[in-house]
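The values are calculated or read from the model by the stated rules, or taken from the named source; none is laboratory data. A quick note: this is a predicted structure, and the numbers were derived from the prediction, not measured. When we count neighbours, we look across all protein chains shown, and the Cβ atoms used for this are built from the backbone with ideal geometry, even at glycine. Areas reflect the complete protein model, heavy atoms only, side chains present, ligands, DNA and RNA absent. Shrake-Rupley method; radii C 1.70, N 1.55, O 1.52, S 1.80 Å.
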Amino acid sequence: MAKHYDAIIIGAGSVGTPTAFSLAEAGVKALVLDSRPSAGQGSNKAAIGGIRATHSDPAKIRLCLRSIEILTTWKEKYGDDIEWQKGGYAFVAYREREEKILKDLLAIQKPFGLNIDWLDRDDFLEVIPDLNPNGLIGGTFSPDDGNASPLLSLHAFYAHAKRLGAEFRFNETVTSIDTAGGRVRGVKTDQGDYYADVVINAAGAWATPLASLVGMDVPVQPDSHEAAITEAVAPFLKPMIVDIRPVTGSANYYFYQHATGQIVFCITPSPSLWGEDIRETSEFLPMVARRMVKVMPRLKNIRVRRTWRGLYPMTPDGFPIVGWSRQVEGYLLAVGMCGQGLMLGPGLGELIARMVKKDLTESDHEILGILSPYRQFAGQEKLK
Ligand SMILES: Cc1cc2nc3c(=O)[nH]c(=O)nc-3n(C[C@H](O)[C@H](O)[C@H](O)COP(=O)(O)OP(=O)(O)OC[C@H]3O[C@@H](n4cnc5c(N)ncnc54)[C@H](O)[C@@H]3O)c2cc1C
């Protein structure tokens, strides 16, 4: 006879895996199903590891502040090294346009108590001595942000979720959602039937077809992004450097030095590469390498070892979609993480556990209002 669970999570990725951990910690009997052979094989493994709370809206700020707390204390609490580094984020301004954007953002960010400030050129260079000083106006710096290994952090959530009783089944694709009398009863996969009172769609870039199985029209579109990693060199760079100047080919790019010495970097292609094509190319390298060396001349002799592509699960306004379905009771969406699923996942996992346990705080209600599946999608996240 098919087993009954309290909750079924579709997707063992950046969101589904920490959610399984938080549910298991809260005593909820959870099953995670993923069509790939192990945890984190969707977009999670394409992420470069950046984690920041310095967003421009209360929902993402609160979720990511909590994620940072969880990741910062993980090793001490659970013993696993997830390569967390508190290096900060530095958004550079070489033109008045970016100076204005960053200063305007700061005015929104500061009231949330975020540790972020504008630094003029000389102070900024003290923090990042290798930046090209020519034409530099300054930038914002948030020392409490950082980075962690997407692979190791996801594996840590997976191992501890299992230790606490969550079950994972891989190589199994969910093909339909079983409903009766307006509520979920479980799911059907290509291998069997599983029953639960709650079904959580955490299927990342593939969330839309799964939502349509219960008649929901959820606007998540796969958007291909490019990344690369260099050989390892001696440590010289702490923060994640972000350059938001748009040029033909890339809307922005960002890079940092990993704990093990490699420079990891990523671009937002412009125009966007909509669709699921993640065949890697190195076409973006000449363009981004030129940009990076201009901002940090010291990078010029470091050799690139590997490039890859992965999918952002994009929403029209750049905000995640989190909330219960109004059509089908017990169906919960935790999708549309855009370029921030790794940093949102741990905080969001805890929020989802409180949703399932019906134990929401006032702040949770505010977050869920902003991320509601039923919002207008008319706004625009300022730093997607
Ligand atoms: C190049 C690049 C760099 C990035 N850098 C960062 C970064 O620095 N920081 C950051 O926070 N984020 C970053 N991201 C974004 C981040 O990777 C995503 O936002 C995040 O991985 C999305 O998490 P998810 O759990 O929603 O989806 P995923 O991690 O993709 O998990 C979804 C899972 O659902 C499974 N699935 C789908 N459909 C089904 C089905 N029908 N049945 C069973 N299983 C199914 C998939 O197999 C997949 O494993 C980056 C992304 C890219 C591409």
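Observations on the model:
- A single entry from 83, 99 fulfils the requirement of being among the acidic types (Asp, Glu), surrounded by fewer than 21 Cβ atoms within 10 Å (Cβ to Cβ) and part of a helix (DSSP H, G or I): 99.
- Among the residues of the stretch 80-97, those that are among the small types (Gly, Ala, Ser) and under 23 Å from the mean Cα position of the chain (by Cα) comprise 87, 88, 90.
- For the stretch 12-45, a residue qualifies if it is in a loop (DSSP other than H, G, I, E, B) and either more than 8 Å from the ligand (Cβ to nearest atom) or hydroxyl-bearing (Ser, Thr, Tyr) (or both), and the qualifying residues are 14, 26, 27, 28, 29, 35, 37, 38.
- Sole exception among (1) touching a residue at least 40 places away in the same chain (Cβ under 8 Å); (2) more than 12 Å from the ligand (Cβ to nearest atom); (3) within 23 Å of the chain's Cα centre (by Cα); (4) open to solvent by 50 Å² or more (accessible area, probe 1.4 Å) for residue 206, by number: (2)
- Residues being farther than 26 Å from residue 149 by Cα and out of contact with any strand residue (DSSP E or B) (no Cβ under 7 Å at 6 or more places or on another chain) - total across the stretch 355-384: 20
Condition check ((1) part of a loop (DSSP other than H, G, I, E, B); (2) in contact with a Lys or Arg (Cβ under 6 Å, 6 or more places away or on another chain); (3) within 8 Å of the ligand (Cβ to nearest atom)) across all residues:
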{"residue": "311", "(1), (2), (3)": "no, no, yes"}
{"residue": "319", "(1), (2), (3)": "yes, no, no"}
{"residue": "323", "(1), (2), (3)": "no, no, no"}
{"residue": "327", "(1), (2), (3)": "yes, no, no"}
{"residue": "332", "(1), (2), (3)": "no, no, no"}
{"residue": "342", "(1), (2), (3)": "no, no, yes"}
{"residue": "345", "(1), (2), (3)": "no, no, yes"}
{"residue": "348", "(1), (2), (3)": "no, no, no"}
{"residue": "351", "(1), (2), (3)": "no, no, no"}
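- Pick from the stretch 176-194, criterion within 12 Å of the ligand (Cβ to nearest atom) and surrounded by 14 or more Cβ atoms within 10 Å (Cβ to Cβ), ranking: farthest from residue 329 (Cα to Cα): 189
- The stretch 106-144, residues that are among the aromatic types (Phe, Trp, Tyr), out of contact with any Pro (no Cβ under 9 Å at 6 or more places or on another chain) and assigned to a helix (DSSP H, G or I): 124
- Residue, nearest to residue 209 (Cα to Cα), within the stretch 227-279, restricted to residues that are in a loop (DSSP other than H, G, I, E, B) and open to solvent by less than 10 Å² (accessible area, probe 1.4 Å): 239
- Test: residue in the stretch 145-165 that is assigned to a loop (DSSP other than H, G, I, E, B), under 30 Å from residue 190 (Cβ atoms) and either within 16 Å of the ligand (Cβ to nearest atom) or open to solvent by 20 Å² or more (accessible area, probe 1.4 Å) (or both): yes
- For the stretch 55-80, a residue qualifies if it is charged (D, E, K, R), outside any helix (DSSP H, G or I) and surrounded by fewer than 17 Cβ atoms within 10 Å (Cβ to Cβ), and exactly one does: 80.
- Near pairs, Cβ below 6 angstrom, 6+ apart or cross-chain, from the stretch 21-41 (under 21 Å from residue 70 (Cα atoms)) to any residue that is open to solvent by less than 50 Å² (accessible area, probe 1.4 Å) and polar (S, T, N, Q): 39/17
- Looking only at the stretch 169-183, and only at residues there that are in contact (Cβ under 8 Å) with a residue 60 or more places away in the chain and in a strand (DSSP E or B), the one that is farthest from residue 206 (Cα to Cα): 183
- Pairs with Cβ under 7 Å, 6+ apart, first in the stretch 214-228 and farther than 13 Å from residue 328 by Cβ, second surrounded by fewer than 19 Cβ atoms within 10 Å (Cβ to Cβ) and small (Gly, Ala, Ser): 222/275; 223/272; 224/275
- Of all the listed residues (383, 371, 344, 351), the sole one being open to solvent by less than 30 Å² (accessible area, probe 1.4 Å) and modelled with pLDDT under 95 is 383.
- Residue within the stretch 167-174 that is modelled with pLDDT of 95 or more, open to solvent by less than 60 Å² (accessible area, probe 1.4 Å) and more than 26 Å from the chain's Cα centre (by Cα) present: no
- Conditions (1) more than 21 Å from residue 18 (Cβ to Cβ); (2) open to solvent by 10 Å² or more (accessible area, probe 1.4 Å); number of the one not met by residue 363: (1)
- Which listed residue, of 3, 29, is more than 14 Å from residue 150 (Cα to Cα), open to solvent by 40 Å² or more (accessible area, probe 1.4 Å) and modelled with pLDDT under 95: 3
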